[in-house]
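Some notes on the structure that comes next.
Throughout, read-outs are computed from the coordinates displayed, never taken from laboratory work. Note that the structure is predicted; figures quoted are calculated from it, not measured. Cβ: placed from backbone, ideal geometry, glycine included. Neighbour counts: every protein chain shown.
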Ligand code: DAK
């Protein structure tokens, strides 16, 4: 399949998958989510000698700056729930992929971008990487698993703080929190991810796949949490605050939330 928003490059049996919407800081629009779904559930499964996948963002500035806010305008509760469920399923496909998937975070990883990185098996950050779940600025909550995977990775207290304040953390702080595995000089993220994938590729492939499914099994207890996230995301889409938050972003002004 030809992709409009993904660049797929194969070298040494490793695929580097670049999210490529640089003008929108690689924000995940609907089409990009559909392409990611096709890539992980169809195309990547056909490569039998695949050693692993690296996901990164096009350009010097951003990994993925979130879901595409311009597509949110006019989203109602049912469409919101449907979108959250679809996105969660795409990210489950990444999380459960049978070969290792590493996020090479080269810049902003915000909202859906941070959620995408967290769905990968590991994260390598460049020095300029910045992480945040800023959904509350838009009158929303994370919809692609952020309320669940952030807690899994960094623990409840700090996850509560980041989810409620929308604070951005830099690469070193992300390393300290356990959100990323390594921080490398800016521009070396893909190289470091490749180095790790080549090391893993010397190990028994079936054992590696089983590690992924067993570690995943530990977290399946959270399935209810993911379902709750979908339901509450849909509920947010009905609020006036959400309409105000999304409009304020597009109009480049501060949102005036009324709690309705
Ligand atoms: N969506 C759409 N366009 C975006 C974008 C985004 N998330 N982020 C940036 N852009 C666009 C900007 O609008 C701008 O485009 P033009 O206006 O020039 O056409 C271009 O990218 C460059 O951005 P800036 O001019 O703003 O660049 P700066 O360097 O000044 O600022 C920034 C960079 C990353 C700090 C800023 O762009 C920013 O704050 N971006 C928004 C970050 C954010 O709030 N992201 C969304 C997080 S919420 C859902 C499931 C999940 C989610 C939503 C729905 N459903 C199930 C329905 C997840 C939500 C999120 O991800």
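Taking only DSSP H segments of four or more residues, each worth -39500 (n - 2.57), what value at 222 nm results for the chain once the sum is divided by all its residues, to the nearest 500 deg cm²/dmol? Show your work: numbers first, answer last.
Values: 10 runs with 116 residues, N = 260.
Computed ellipticity for the chain at 222 nm equals -13500 deg cm²/dmol.
The order of the peptides 45-56, 85-96, 157-168 by mean Cβ neighbours within 10 Å, most packed first, is 85-96, 45-56, 157-168. Computed over the chain, relative contact order equals 20 percent, with contacts defined as Cα pairs under 8 Å that lie 6+ residues apart.
Just checking the listed ones, 19, 221, 208: in the Gaussian network model of the chain with Cα springs under 10 Å, the one fluctuating most is 221. The angle between the Cα long axis of helix 223-237 and the main principal axis of the chain comes to about 40°, on a 0 to 90 degree scale. Under a Gaussian network description of the chain, with springs only between Cα atoms under 10 Å, the residue in 11, 248, 227 that fluctuates furthest is 11. Can you tell me the 0 to 90 degree angle between the C-alpha axis of helix 77-95 and the longest principal axis of the chain, rounded to 10? Rounded to the nearest ten degrees, it is 20.
For the stretch 1-148, dividing the convex hull volume of the Cα atoms by the residue count gives 107 Å³ per residue. When the chain is modelled as a GNM with alpha-carbon springs shorter than 10 Å, which of 207, 84, 24 fluctuates the most? For the chain, modelled as a Gaussian network with Cα springs under 10 Å, the answer is 207.
Show log10 I(q)/I(0) for the stretch 158-260 at q = 0.13 Å⁻¹, two decimals, from a solvent-free Debye sum over equal Cα scatterers. For the stretch 158-260 at q = 0.13 Å⁻¹, log10 I(q)/I(0) is -0.87. Among beta bridges from DSSP that stay inside the chain, the antiparallel ones total about 25%.
Quick one: which of 71-80, 114-123 comes out on top by average Cβ neighbours within 10 Å, and what's the full order, highest first?
On the way: 71-80: 15.3, 114-123: 25.9.
In descending order of packing, they fall as 114-123, 71-80.
Semi-axes of the equivalent ellipsoid of the chain are 29, 19, 18 Å, computed as sqrt(5λ) over the eigenvalues of the C-alpha gyration tensor in descending order. With the convex hull drawn around the C-alpha atoms of the stretch 117-163, the volume per residue stands at 84 Å³.
Rounded to the nearest 0.05, the FRET efficiency derived from the C-beta distance between residue 176 and residue 10 at R0 = 41 Å is 0.75.
Considering every alpha-carbon pair of the stretch 61-206, the percent of pairs per 5 Å bin, from zero through the bin containing the longest distance, is 2, 10, 19, 23, 19, 14, 8, 4, 1, 0.
Considering only alpha-carbon pairs that sit under 8 angstrom and 6 or more positions apart, the relative contact order computed for the stretch 115-260 is 33 percent. Normalising the Debye intensity of the stretch 1-68 to I(0), with uniform scatterers on Cα atoms only, and taking log10 at q = 0.20, 0.21, 0.22 Å⁻¹ returns -0.78, -0.85, -0.91.
Taking every alpha-carbon pair under 8 Å whose residues sit at least 6 apart, the stretch 69-147 reaches a relative contact order of 31 percent.
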